[in-house]
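Beneath this line is the structure, given in structure tokens, with notes to follow.
The values are calculated or read from the model by the stated rules, or taken from the named source; none is laboratory data. Quick caveat, the model's predicted, so the values are computed rather than measured. Here the Cβ is made from the backbone with ideal geometry for all residues, glycine too, and neighbour counts use every protein chain on show. We work out accessible area using only protein heavy atoms, side chains counted, and drop any ligands, DNA or RNA first. Shrake-Rupley method; radii C 1.70, N 1.55, O 1.52, S 1.80 Å.
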Amino acid sequence: MRLLFLGPPGSGKGTQCQLLSNELKIRHLSSGDLLRASVAQGTAAGLEAKTYMDKGLLVPDPVLIAMFKDNLSQENCHNGYILDGFPRNLSQAKSFDDMLSNLHQFLDCVINLEIDSEPLTLRITGRRVCANKNCLKVYHTKFNPPQVENVCDDCKCELIIRSDDKEDLVKVRLATYFEQTQPLIEYYQLKKILVNIDASQSSQNVFNSILTTLKELTKTH
Ligand code: AP5
């Protein structure tokens, strides 16, 4: 199965994609995680990306397009994948269409996490992420706390705060989303593969709604 998640920052894309990747045993490809790994490695592309990420702006398209071309052709994507954060504007979406057609693939479903802006700041500023690059599990100090403060339940590594999770940056990231990413909702609606999910519910209820949607989808395919 090939899935794509859309939704504003803090809507729960990473959380739901991690749950779904474990459930469906398919790869979760997060553009943000891939970019943060390049930043941590100190590659030229990573250092360039950081200057945009620290301002809440989109990293230039060629960086993302090269990154996803490379990842999607890898063997561990052959049985499906879940995309989180790419494509993020119309130009990336058109490049992604080309990638799909070159690989003779199609997207099964685009899941759009719908939520008002109001709760997003609280979700983002309370986020904690496992520092282990092979884990990256997402927590929240209030809504999904770890069993031991600042320690990952799964791998026992330290939890950290993302450098772009600052209140003043959330406004910029949201404005970037509304201007550049939101038009993708109509783009995929026109392709008749978009499903809206109410992301204001608890994480578990959002996950259950997604699973129900995907079960219906496999019945009709
Ligand atoms: P990226 O890492 O993709 O960040 P984002 O899209 O801003 O999304 P977030 O990771 O903030 O939120 P999320 O929806 O994944 O929420 P999460 O599940 O963590 O991108 C970062 C930057 O990289 C961008 O700003 C840009 O610079 C660059 N970039 C990335 N992709 C790019 C691209 N394609 N092109 C150009 N540049 C790109 O949840 C948030 C918190 O809420 C967590 O603490 C979680 O525990 C909690 N939570 C989740 N669900 C619920 C719930 N239902 N109820 C209560 N709390 C919840």
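Tell me the net charge near residue 187. Cut-off is 11 Å between Cβ atoms, residue 187 excluded, with +1 for each Lys or Arg and -1 for each Asp or Glu.
Counting the neighbours of residue 187, the net charge comes to 0.
Model label sites at residue 47 and residue 1, defined 7 Å from Cα along the beta-carbon direction, differ in position by 4.2 nm. Kirkwood hydrodynamic radius computed over segment 45-141 comes to 15.9 Å, based on all pairs of distinct alpha carbons.
Dimensions of segment 95-221 along the principal axes, based on C-alpha atoms and rounded to the nearest Å, stand at 44, 33, 31, largest first. The alpha carbons of the chain occupy a box of 44, 40, 34 Å along the principal axes, longest dimension given first.
Under 20 Å Cα to Cα from residue 156, which lysines show up? Leave out anything in the same chain fewer than 8 places away. List returned: 133, 137, 142.
Which trypsin sites (Lys or Arg not before Pro) from segment 101-207 combine a DSSP loop assignment with at most 16 other Cβ atoms within 10 Å? Loop-located and lightly packed - 133, 142, 156, 162, 166, 191, 192. Per residue, the chain exposes 52 Å² of accessible surface when a 1.4 Å probe is rolled over the protein heavy atoms with every protein chain present. Legend: calculated FRET efficiency, residue 148 to residue 178, from the Cβ-Cβ distance at R0 = 41 Å, rounded to 0.05, equals 0.65.
Nonpolar atom fraction for segment 11-108, defined as the carbon and sulfur part of the 1.4 Å probe accessible area, stands at 55 percent.
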